[in-house]
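Reviewing the structure listed below.
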Amino acid sequence: MRTVEALVPLKLTLFGEHAIVYGEPAIAMAISESMKVTVKESDRTIISSSSLHIGNIRVNLQDMRVESDQISKALSFVIEALNYFEEKRPALINIESSVDPSVGLGTSAAVIVGVIAAYSKFLGYDFTNLEIAKISRNVEKKVQGLGSRMDTFTTSLGGILYFPRGSENVERLSSLPEIASGYVKRTATTAEILRRVKTVKENGREFNEILKLIGLVVEDARDALDKMDVETLGQLMYINHGLLMSLGVTSPILDELVSTARNIGLPGCKMSGGGGGGSAVCLKSPKAELLLESRGFKLVKSELNRTGVTIKEINS
Ligand SMILES: Nc1ncnc2c1ncn2[C@@H]1O[C@H](COP(=O)(O)OP(=O)(O)O)[C@@H](O)[C@H]1O
Ligand SMILES: C[C@@](O)(CCOP(=O)(O)O)CC(=O)O
Ligand SMILES: [Mg+2]
């Protein structure tokens, strides 16, 4: 019985979320918290994903239909990833995630990357991680309608990555301070928040100036990282968070956390990902983890993952 397993790291956005969607730079890192996608030979196609609490979902491979519109929405990234392949073969597809869906940790990207990686191998392809990143980026954009290459490239390639302004390139950075991060549940998906931000952009004169300022923060953060200037890096995290707040993508719980972190002298802390709740990233210190937990944030494993998605074939 042919079985293929893909292990995908989740991601933290250190600087530049939302601004990258409009061509500004960003810095993101793959982390040790991960998602696993398993594809097993079968005579029918069933998708299961415990963190979605939807049970085992039968998929009609001819038209990719499932039992309800609600299930179809919840599985939209998985189904669109399968749809990439002209030739499909029935399989049991299981997704295991140690975090809740939609928390600013790139779960939408990771689930696409995992399905593309595992199902392509199951069909006999040998994609490189960069090929997986490019395919996954197009799938995520197709489902969300908006969005950048940051999450799919970071979860596919691993490491700490710099996404230059106005370019499709990506550069690997070498230095990274230790990070603490966690998440709280949120009320909106990233796709919904991206649509809200687009409306703000279309109506607000200041929006473009704020995006450019975030771009400057990201460039300075890259310099600070190169010099391992942790003090400057932390200050830039606070500034980036303030600019995200002005875009309306933070939340009271995130703003209270970050302002308290600053007031008690933590080196740096900011929202991470789509916002509206979800994840926060802080420069690591015992106080940072205590503060995150005291505010109800679920800590996530935030060591640097350098490999990106890895694929294993298990012939049981
Ligand atoms: N474990 C999972 N199994 C299947 N789909 C998932 C899983 N986790 C996330 N997703 C999909 O990704 C969507 C969340 O995307 P998004 O709001 O961008 O979250 P994130 O900020 O974590 O990337 C979910 O609504 C669901 O469609
Ligand atoms: C807001 C954004 O910059 C990051 C979204 O991160 P996440 O899906 O919330 O993990 C969108 C994007 O870059 O596609
Ligand atoms: Mg996402």
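The values are calculated or read from the model by the stated rules, or taken from the named source; none is laboratory data. All figures in this text were calculated on a predicted structure; none of them were measured in a lab. Reconstructed Cβ throughout: ideal geometry from the backbone, glycine too, with neighbour counts over all protein chains shown. All accessible areas refer to the heavy atoms of the entire protein, side chains included, with ligands and DNA or RNA removed. Shrake-Rupley method; radii C 1.70, N 1.55, O 1.52, S 1.80 Å.
At-a-glance table
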quantity	calculated
The range 29-67, residues that are surrounded by 15 or more Cβ atoms within 10 Å (Cβ to Cβ) and charged (D, E, K, R)	GLU33, LYS36, LYS40, GLU41
Neighbours by Cβ (under 6 Å, 6+ apart or cross-chain): first from the range 48-76, at positive phi; second open to solvent by less than 50 Å² (accessible area, probe 1.4 Å) and of a type outside the set (Asp, Glu)	MET64/ILE79
Elements of type helices (runs of 4 or more DSSP H) in the range 123-232, at least 3 residues being away from ligand 3 (no atom under 16 Å from the Cβ) and not charged (D, E, K, R)	129-144, 190-203, 206-226
Complete set of residues in the range 189-229 that are hydrophobic (A, V, I, L, M, F, W, C), more than 20 Å from GLY275 (Cα to Cα) and open to solvent by 50 Å² or more (accessible area, probe 1.4 Å)	LEU216, MET228
Selection status of LEU257, away from ligand 3 (no atom under 16 Å from the Cβ) and buried (at least 19 other Cβ atoms within 10 Å of the Cβ)	yes
From the options GLY278, GLY242, GLY274, GLY268, residue that is at pLDDT 95 or above, closer than 26 Å to PRO9 by Cα, away from ligand 2 (no atom under 16 Å from the Cβ) and small (Gly, Ala, Ser)	GLY268
Members of the range 146-157 found to be of a type in the set (Phe, Trp, Tyr) and within 11 Å of ligand 1 (Cβ to nearest atom), listed by number	none
Verdict on GLU96 being within 16 Å of ligand 2 (Cβ to nearest atom) and either charged (D, E, K, R) or open to solvent by 60 Å² or more (accessible area, probe 1.4 Å) (or both)	no
Residue tally, condition within 11 Å of ligand 1 (Cβ to nearest atom) and either over 16 Å from the mean Cα position of the chain (by Cα) or farther than 18 Å from GLY308 by Cα (or both), over the range 122-145	2
Qualifying positions in the range 266-305 - assigned to a helix (DSSP H, G or I) and open to solvent by 10 Å² or more (accessible area, probe 1.4 Å)	PRO286, LYS287, GLU289, LEU290, LEU291, GLU293, SER294
Complete set of residues in the range 116-134 that are within 16 Å of ligand 2 (Cβ to nearest atom) and either open to solvent by less than 20 Å² (accessible area, probe 1.4 Å) or at pLDDT below 95 (or both)	ALA133
Single condition LEU236 does not satisfy, out of (1) touching a residue at least 60 places away in the same chain (Cβ under 8 Å); (2) not in a helix (DSSP H, G or I)	(2)
Those residues of the range 66-80 which are touching a Ser or Thr at 6+ places or on another chain (Cβ under 6 Å) and near ligand 1 (Cβ under 7 Å from one of its atoms), in sequence order	PHE77
Identity of the residue in the range 172-188, within 16 Å of ligand 1 (Cβ to nearest atom) and at pLDDT 95 or above, that ends up surrounded by the fewest Cβ atoms within 10 Å (Cβ to Cβ)	VAL184
